[in-house]
Amino acid sequence: MAEIPADRLIQTPPFTNVGVDVFGPWNICIRRTRGGVSENKRWALMFTCLVTRAVHIEVVESLSTSSFINALRRFLAIRGPTKFFRSDCGTNFVGACKELQISSEDPEFQSYLKNETCTWKFNPPHSSHMGGVWERMIGVARRILDAMLLKVHSPNLTHEVLVTLMAEVTAIMNGRPLVPVSSDPQQPDLLTPRALLTQKICPVSIPPGDFDPKDLYRKQWKQVQSLANSFWKRWREEYLATLQPRRKWQADHTNLTIGDVVLLKDTQVKRNEWPTGLIVNTYPGRDKRVRKVDVRIIKEGTAKVYTRPISEIVLLVKG
């Protein structure tokens with residue numbers, strides 16, 4: 001396992017270095033008609049601070065570049081300027097970067113980066129483990145929300161209810177402990193992303209009263225509180241109980257080198273049909289270990305080069 005990247009260790013204000021991903025969708029009611037209701041889909045965009053581990057969720061109407069840029073502008077307006085973004089290779093992210101003219105590879109843009117702008121770094125394809133710092137949050141939130149909202153009949157879920165629910169979900173996720181609970185009486189308070197964001201130790205107050213599933217069919221604000229309570233219950237049972245040190249990739253292996261013959265994993269085909277390729281370029285990290293390579297394969301008579309993490313590579317013959 002590689003060392004923690006520098007953008008997760010530098011002492012910076014919250015949301016200066018951010019990981020981005022999208023999850024969803026969910027059906028909502030946009031208007032009622034005589035024949036029933038008109039439904040539409042909504043997605044959620046999660047911004048994760050790489051330093052404080054705080055999250056910020058924005059609801060988007062589509063996966064288009066325009067919707068993503070609007071969500072990005074709302075995020076920057078609330079959280080302030082961001083210097084560095086990380087994400088996967090989603091087409092909406094790539095399109096937004098082109099439209100905003102954000103590119104860390106453009107030589108002419110290097111000087112402009114010094115004037116309080118931001119840059120974007122894409123992880124290699126098929127390497128979700130490289131974005132574990134935000135993929136973990138996405139996975140837990142999506143699993144709980146999907147299970148919750150499946151029980152809610154879509155005509156009862158509106159855009160306003162979904163936006164308010166995401167704000168409640170953000171508050172719950174930012175209240176999670178970052179370190180094990182200390183037994184030291186001199187340190188009775190928990191270190192949470194919310195404490196780092198707001199400089200306030202006291203938890204976010206909730207409306208008084210008990211909210212049960214029957215409230216899903218009553219007033220909208222009670223509907224939100226009932227859904228938030230359900231999210232908190234499952235968050236506590238499914239996520240907080242797993243906060244413990246996790247260790248993997250401890251064994252030392254020889255670096256892949258240019259000229260190695262490898263097998264390229266492809267989940268779309270059977271194992272005996274995985275393409276064989278030749279490594280044509282490697283990307284050593286600061287610790288001189290190779291975790292990303294370029295592989296050239298012959299596909300339908302044409303040579304193609306793919307960038308892949310070493311977790312998607314099977315070494316056949318050393319070059």
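The values are calculated or read from the model by the stated rules, or taken from the named source; none is laboratory data. No experiment lies behind these values; they were computed from the predicted model shown. Cβ sites come from the backbone with ideal geometry, for glycine too, and all protein chains shown count toward neighbours.
Residues of segment 34-51 that are surrounded by fewer than 22 Cβ atoms within 10 Å (Cβ to Cβ) and either in a helix (DSSP H, G or I) or of a type in the set (Ser, Thr, Tyr) (or both): Ser38 alone.
Kindly indicate whether Thr282 is surrounded by 10 or more Cβ atoms within 10 Å (Cβ to Cβ), modelled with pLDDT of 90 or more and either polar (S, T, N, Q) or touching a His at 6+ places or on another chain (Cβ under 9 Å) (or both). Taking the combined requirement at face value, the residue satisfies it.
I'm trying to understand the selection: among the residues of segment 39-57, which are touching a residue at least 40 places away in the same chain (Cβ under 8 Å) and touching a strand residue (DSSP E or B) at 6+ places or on another chain (Cβ under 8 Å)? Result: Glu39, Arg42, Ala44, Met46, Thr48, Cys49, Leu50, Val51, Ala54, Val55, His56, Ile57.
For segment 167-183, the criterion of being modelled with pLDDT under 65 and either outside any loop (DSSP other than H, G, I, E, B) or of a type outside the set (Ser, Thr, Tyr) (or both) is met by at least one residue. Within segment 304-319, the set of residues being in a strand (DSSP E or B) and not basic (Lys, Arg) comprises Val305, Tyr306, Thr307, Pro309, Ile313, Val314, Leu315, Leu316, Val317. Out of the residues in segment 285-315 that are closer than 18 Å to Glu3 by Cβ and of a type in the set (Gly, Ala, Ser), which is surrounded by the fewest Cβ atoms within 10 Å (Cβ to Cβ)? Per the stated criteria, the residue is Gly285. Inside segment 35-80, residues that are in contact with a helix residue (DSSP H, G or I) (Cβ under 7 Å, 6 or more places away or on another chain) and basic (Lys, Arg) make up a count of 2. All conditions in (1) out of contact with any Pro (no Cβ under 8 Å at 6 or more places or on another chain); (2) surrounded by fewer than 22 Cβ atoms within 10 Å (Cβ to Cβ); (3) under 24 Å from Leu190 (Cβ atoms) hold for Ile78, with the sole exception of (3). Of the residues making up segment 279-303, those that are more than 29 Å from the chain's Cα centre (by Cα), free of Cβ contacts under 8 Å to residues at least 24 places away in the same chain and either part of a strand (DSSP E or B) or closer than 16 Å to Ser127 by Cα (or both) number 4. In segment 184-207, the qualifying residues are those that are at pLDDT below 80 and of a type in the set (A, V, I, L, M), and the one that is surrounded by the most Cβ atoms within 10 Å (Cβ to Cβ) is Ala195.
Going by what's in this entry, would Arg308 be described as in contact with a His (Cβ under 9 Å, 6 or more places away or on another chain) and touching a residue at least 40 places away in the same chain (Cβ under 8 Å)? Yes, satisfied.
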